[in-house]
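*Asks:* Here it is: the structure, laid out below.
The values are calculated or read from the model by the stated rules, or taken from the named source; none is laboratory data. Just so it is clear, the model here is predicted, and its values are computed rather than measured. Here Cβ is always computed from backbone atoms with ideal geometry, including for glycine, and neighbour counts include all displayed protein chains. We work out accessible area using only protein heavy atoms, side chains counted, and drop any ligands, DNA or RNA first. Shrake-Rupley method; radii C 1.70, N 1.55, O 1.52, S 1.80 Å.
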Amino acid sequence: MLNPLERQALEHPTMAPSRQIPAAAPTVAIVGATGAVGVELLTCLEARGFPVGRLRLLASARSAGRTMSFRGETIAVEELTEASFDGVDLALFSAGSSISKRYAAVAVKAGAVVVDNSSAFRMDPDVPLVVPEVNGATLARHRGIIANPNCVAAIATVALAPLHRAHPIRRLTAATYQAASGAGAAAMEELRLSTAAYLAGEAYAPQVLPHPYAFNLFSHNADMDPATGHNGEELKFVAETRRILDAIQLPIGITCIRVPVLRAHAMALTIEFDEVVTAEEARALLATASGVRLVDDMATNHYPMPSEASGQDDVLVGRIRRDLGDPSGRTLAIFVAGDQLLKGAALNAVQIAEALLKR
Ligand code: A2P
């Protein structure tokens, strides 16, 4: 099968080819290697046998000298500087958008392809926003930077795209149940510590998240937009889901909630189509979809759960049923769970890099 760049070369022989990653022992840099996603990037590169030649681990000065393990080798973390990208073929960024805005162009100038996990470039029309199973062909027009989507948008579109391809979605309503990992390693630690304190009957003052986290849930902690009453996470989901599905006008209603789960997001999606779509047809479409695993057993009440999605590459999809709120039969409800650190971040980034390997 052709990769997106090979397809571009065949279909548009006059277009300048987008930069690819040499398949023989490329030098790979991870920016934010010590963070929740950074650690998973190392694991994914190793587990998937990505052909890393040399690995550079970059983080803040705080982590310089700390060591991490990759393929049995101990590698020291270096402080990120402007000179960090000399000789780097692939730079995987996951240190927040201010770092990406400052250093991604430096990496591209040094000759690297950048896959950026932050929100810095996701809505830039010159930067493809990619979920490989959904819109991998858009990789062909990258100019050095590729954006990795927001975690809920990535997980949701894996489940939505197979349905949208068969029957255009007319309207989407979503409610998310989001894990601590989306707020970084420090938030995961806050969930552990605050839960232990709660069980010991001790007080715990929140340090990372704005509200008590143990045995509680609250509206997503992203900044609120007073004009719309939506928080930043909700607005990202709307804009990015539209862009990934190539459905720029799609009406989307969304409520994002932070729940006391460590690393897998769940979401209830209510999907209105242009025409009647039965639950049976949706189940059949999803059963063969790439990156999806059906977990939909009414007899045992077994449906997608964060505990089962954690550590899994696939997005779990179930509770596929006709939405009783729409008597026309054009609306289905589904429930989805996906690992925030894998398909919602590191795995998707590594899959993008794999598609860009020069074969
Ligand atoms: P460090 O561990 O040295 O602070 P998370 O999303 O889990 O909070 O992780 C954020 C990642 O971004 C960490 O690897 C963190 O490194 C890195 N990071 C934060 N600030 C900087 C910075 N100024 N320069 C380089 N890396 C940074």
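*Asks:* Go through the stretch 38-59 residue by residue and tally those that are farther than 24 Å from GLY111 by Cβ and within 16 Å of the ligand (Cβ to nearest atom).
*Replies:* Residues meeting the conditions: 3.
*Asks:* Then there's this: With respect to GLY201, is the statement that it is more than 28 Å from ASP246 (Cα to Cα), outside the structural domain of VAL37 (by TED's automatic domain parsing) and within 15 Å of the chain's Cα centre (by Cα) true?
*Replies:* no
*Asks:* Ok, one more. Filtering the stretch 207-219 down to residues that are within 16 Å of the ligand (Cβ to nearest atom) and surrounded by 15 or more Cβ atoms within 10 Å (Cβ to Cβ), which residue is farthest from ALA174 (Cα to Cα)?
*Replies:* VAL208
*Asks:* Same structure, new question: Tally the residues that are buried (at least 23 other Cβ atoms within 10 Å of the Cβ), within 16 Å of the ligand (Cβ to nearest atom) and either within 20 Å of VAL130 (Cα to Cα) or of a type in the set (Gly, Ala, Ser) (or both), restricting the search to the stretch 155-191.
*Replies:* Selection size over the stretch 155-191: 4.
*Asks:* Give VAL77, VAL31 a once-over and let me know the one that is more than 20 Å from LEU341 (Cα to Cα), open to solvent by less than 20 Å² (accessible area, probe 1.4 Å), within 11 Å of the ligand (Cβ to nearest atom) and not hydroxyl-bearing (Ser, Thr, Tyr).
*Replies:* Matching residue, one of VAL77, VAL31: VAL77.
*Asks:* Still on this structure, I have one more. Answer yes or no as to whether ALA112 is buried (at least 23 other Cβ atoms within 10 Å of the Cβ) and over 29 Å from MET267 (Cβ atoms).
*Replies:* yes
*Asks:* For a quick check of your reading of the model, give me the residue pairs whose first member lies in the stretch 64-79 and is under 16 Å from CYS44 (Cα atoms), whose second is open to solvent by less than 80 Å² (accessible area, probe 1.4 Å) and assigned to a strand (DSSP E or B), with beta-carbon atoms closer than 7 Å and at least 6 apart or on different chains.
*Replies:* If the second residue must be open to solvent by less than 80 Å² (accessible area, probe 1.4 Å) and assigned to a strand (DSSP E or B), the pairs left are MET68/LEU57; MET68/ILE75; MET68/VAL77; PHE70/LEU55.
*Asks:* Assess whether ALA59 counts as being of a type in the set (A, V, I, L, M), open to solvent by less than 50 Å² (accessible area, probe 1.4 Å) and touching a strand residue (DSSP E or B) at 6+ places or on another chain (Cβ under 6 Å).
*Replies:* Judged against the criteria, ALA59 is a match.
*Asks:* Yes or no: ALA147 hydrophobic (A, V, I, L, M, F, W, C), more than 16 Å from the ligand (Cβ to nearest atom) and out of contact with any Lys or Arg (no Cβ under 6 Å at 6 or more places or on another chain)?
*Replies:* no
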